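Asker: If you scroll down you'll find the structure; I have some questions about it.
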Amino acid sequence: MPKKFNLLLVDDEEPLRVILESELSESDEFTVDTASDGGQAINKIQAKVYDVILLDIRMPRVSGIEVLKFVQEYSPTTQVIILTNYADVKTAIQTIKLGAYDFLAKPYDIDELFNTIHRAIERRSLFIDNKLMKNELWRKAGKSEIIGQSPAFLKLVESATKFAESDSFVLIHGASGTGKELIANLIHRRSPRNNRPFVAVNCASLPDALLESELFGHEKGAFTNAYSTKQGLVEVANGGTLFLDEVGDISPMIQPKLLRFLETGEFRRVGGTNLLTVDVRVVSATNKDLRAEVKAGRFREDLLYRLNVISLRIPLLKERKEDIPLLVEHFLAQKTKGRTAKRLSPAALRLLEEYDWPGNVRELEHVLEGAALLSSGETIETADITLHAHRTAPSPQAAGDVPVESIAGEGSASLEDVEKKHIEAVLKKNKLNRAKTAEELGISKKTLYLKIKRYGLLEE
């Protein structure tokens, strides 16, 4: 059953409030709270995230206008519908300029009220989608396809689909480039929360202070340049799914705050004192062995237990090589949109199937993108393919094949040497632009910085 939307009905006329609450509560779509005055409404808004607020203008002590202004500052994604008498229509129109979504004049037509609420919810969804697009440019659009027919991959998809029906937290284990976010998105799309937001946060790409602010939001004046109140992504994800990518990279300073949120659903914005409550399902992912991180003192054991209610492991690409032809077809069609899709020669496909793929599916995608650009005809040959490590096991070389070792130029070099030289080459290619280099390598800027430091690159 889809998650219900949270409504707050604010009106000082008790008979009208009781009638509206009864009408709205009969619908399976809504959870309805009420407030009899503006002060009570503000207290409720500070404690819970609402999708829509039905707000009377004329109330004693704290007016509807003051409540509207507070909502615009404190919870800007919440949509406000003004309830008014015909005599106050002029004032109601002014509230639109202050940020209200719409107004309804008393007495209300119940069908019109429901239609207006539905439109307000759609507007909120568009608002959130726009917010996520601005905040998550690192995510590439159009990557929701689940590609694979190998037994190991089909078993993973079956388990993810089965677990999607519950509200339990899921921890996805997988090496970089295996498609952890795709599986998290699949869980969301197959869950009862699929009508609400899917919000992804890359925990490895943000410093501690910024990560806390992104997750939980901040109050105006909480720190330098905090010129206005900002909702956190946990609020944006309310009712939906919060995906914590690379959760193993969260620092010990943030871990206790995250644990408290996971246990209670409660949090405080940075610089704030009010406790807010949201309802989100958390799916997290990591490429680290979190039990080893616990033993090393870098990850809280109680946080691991809370995240790891359900565990999924994504197989490496070398463990599901039967899927390589399908992935090749998909990526080549994607990289040659608007043109005739290129194809691999039998020798080129055999080359890819023999390779070890330390970078998994992401590496395959990048290799194919480069090969499609290098090839002159419609067929990609082995000479067009650049790989950066030798294959796991040799196989008889077919006529026209180019050995992987000669393409990589690495001989028997260690994987670390190969990685160092590859990163160095991509850095030079991009004229030391770290943002472009990280994007091309398929890693975060933080990870790139750590590898540059580890290998002593750019010091010469």
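Every read-out reported here was derived from the displayed coordinates using simple, explicitly stated rules and does not represent laboratory data. Everything quoted here is computed from the prediction, not taken from an experiment. Using ideal geometry, Cβ is built from the backbone for each residue, glycine included, and neighbour counts are taken over all protein chains shown.
Asker: Could you pull out every residue, at least 5 positions away or on a different chain, whose amide H is within less than 5 Å of the one on VAL62? Hs are placed 1.01 Å off N in the peptide plane, and Pro or chain starts have none.
Answerer: Placed amide hydrogens put GLY38, GLY39 under 5 Å from VAL62.
Asker: When a/c reaches 1.5 or more, the comparison of a/b and b/c decides; with that in mind, is segment 1-58 rounded, prolate or oblate per its Cα gyration tensor?
Answerer: oblate
Asker: Just name one of ASN85, LEU211, PRO60: the one whose Cα is farthest towards the positive end of the charge dipole of the chain (beta-carbon charges, Lys/Arg +1, Asp/Glu -1).
Answerer: Among ASN85, LEU211, PRO60, the one farthest towards the positive end of the dipole of the chain is LEU211.
Asker: For segment 4-90, which trypsin sites (Lys or Arg not before Pro) are in a loop by DSSP, counting at most 14 other Cβ atoms within 10 Å?
Answerer: When the trypsin sites (Lys or Arg not before Pro) of segment 4-90 are filtered for loop state and at most 14 Cβ neighbours within 10 Å, ARG61 remain.
Asker: While we're here: Taking 7 Å along the Cα-to-C-beta vector as the label spot, tell me the SER251-LYS318 distance in nanometres, rounded to one decimal.
Answerer: Between SER251 and LYS318, the label points sit 3.5 nm apart.
Asker: Where the Cα atoms of the chain are projected onto their three principal axes, how long is each span, largest first, in whole Å?
Answerer: Largest first, the chain extends 87, 47, 40 Å along its Cα principal axes.
Asker: Using Cα pairs under 8 angstrom and six or more residues apart, how large is the relative contact order of the chain, in percent?
Answerer: Relative contact order here is 12 percent.
Asker: Okay, which of segment 56-77 sit inside 17 Å, backbone N to the point 7 Å along the Cα-Cβ direction of LYS220?
Answerer: Under 17 Å, as judged by backbone N against the label point of LYS220, lie 65-77 of segment 56-77.
Asker: Taking the Cα centre of segment 151-315 as the origin, how large is its charge dipole in debye, to the nearest 20, when only Lys and Arg (+1) and Asp and Glu (-1) carry charge on their Cβ atoms? Before the final figure, lay out each step's value.
Answerer: Working: 21 positive and 19 negative charges, 46 e Å.
Using Cβ point charges on Lys, Arg, Asp and Glu, segment 151-315 gives about 220 debye.
Asker: For segment 205-313, which GluC sites (Glu not before Pro) pass both filters: DSSP loop (anything but H, G, I, E, B) and at most 15 other C-beta atoms within 10 Å?
Answerer: Of the GluC sites (Glu not before Pro), not one in the loops of segment 205-313 has a Cβ with at most 15 other Cβ atoms within 10 Å.
Asker: Less than 12 Å Cβ to Cβ from GLU378, Lys/Arg counted +1 and Asp/Glu -1: what total charge do the surrounding residues give? Provide the component values of the computation, followed by the final result.
Answerer: On the way: positive: ARG339, LYS342, ARG343; negative: GLU381, ASP384.
Residues close to GLU378 contribute a combined charge of +1.
Asker: Can you tell me the dipole magnitude for the chain around its Cα centre, using point charges on the Cβ only (Lys, Arg +1; Asp, Glu -1), in Debye to the nearest 20? Walk me through the numbers before you get to the answer.
Answerer: Details: 63 positive and 67 negative charges, 217 e Å.
Roughly 1040 debye for the chain.
Asker: For segment 61-78, in order, what is each residue's ³J(HN,Hα) by Karplus, 6.51 cos²θ - 1.76 cosθ + 1.60 with θ = phi - 60°, in whole Hz (x at glycine and Pro)?
Answerer: Here the 3J(HN,Hα) series is 6, 10, 6, x, 4, 5, 5, 4, 4, 5, 4, 4, 7, 8, 9, x, 7, 6 Hz.
Asker: Given the options ILE42, VAL18, HIS366, identify the residue whose Cα lies farthest towards the positive end of the charge dipole of the chain (+1 on Cβ of Lys, Arg; -1 on Cβ of Asp, Glu).
Answerer: It is HIS366.
Asker: Going by a ≥ b ≥ c, the root eigenvalues of the Cα gyration tensor, does segment 181-229 fall in the rounded group (a/c under 1.5), the prolate group (a/b larger than b/c) or the oblate group?
Answerer: oblate
Asker: Sticking with this structure for a sec: Which order do the peptides 317-326, 157-166 come out in when sorted by mean C-beta neighbours inside 10 angstrom, highest first?
Answerer: Top of the packing list down: 317-326, 157-166.
Asker: Over segment 151-315, what lengths in whole Å, largest first, do the semi-axes of the equivalent ellipsoid take, defined as the square roots of 5 times the eigenvalues of the alpha-carbon gyration tensor?
Answerer: 27, 18, 13
Asker: On a 0 to 90 degree scale, rounded to 10, what angle separates helix 151-164 from the longest Cα axis of the chain?
Answerer: Approximately 10 degrees, to the nearest ten.
Asker: HN-Hα J couplings of segment 225-237 from phi, Karplus 6.51/-1.76/1.60, θ = phi - 60°, integer Hz, Gly and Pro as x?
Answerer: Computed from phi, the couplings for segment 225-237 are 6, 7, 7, 8, 5, 10, 6, x, 5, 5, 6, 4, 7 Hz.
Asker: Place the peptides 51-57, 8-14 in order of packing, highest mean first, counting for every residue the other Cβ atoms within 10 Å and averaging per peptide.
Answerer: On the way: 51-57: 24.9, 8-14: 20.0.
Output ranking for 51-57, 8-14: 51-57, 8-14.
Asker: Amide H neighbours of ARG313 under 5 Å, at least 5 residues apart or on other chains, H built in the peptide plane: list them.
Answerer: The list, which skips near neighbours in sequence, is HIS173.
Asker: Name the long-range amide H neighbours of PHE30: under 5 Å, sequence gap of 5 or more, or other chain; modelled H, no Pro or chain starts.
Answerer: PHE5
Asker: Measure up LYS4/LYS69; LYS69/LYS97; LYS180/LYS421; LYS428/LYS451; LYS429/LYS453 against 21 Å on the Cα-Cα distance and list the ones that go over.
Answerer: Over 21 Å apart, Cα to Cα: LYS4/LYS69; LYS180/LYS421.
Asker: Please state the shape class of segment 329-372: rounded when a/c is under 1.5, otherwise prolate if a/b exceeds b/c and oblate if not, all from the C-alpha gyration tensor.
Answerer: Judged from the Cα gyration tensor, segment 329-372 comes out oblate (a/c at least 1.5, b/c at or above a/b).
Asker: Return the sequence-ordered ³J(HN,Hα) values of segment 179-193 in whole Hz as given by the Karplus equation 6.51 cos²θ - 1.76 cosθ + 1.60 applied to θ = phi - 60°, using x for Gly and Pro.
Answerer: Result, rounded to whole Hz: x, 5, 5, 4, 5, 4, 5, 4, 4, 5, 5, 9, 9, x, 8.
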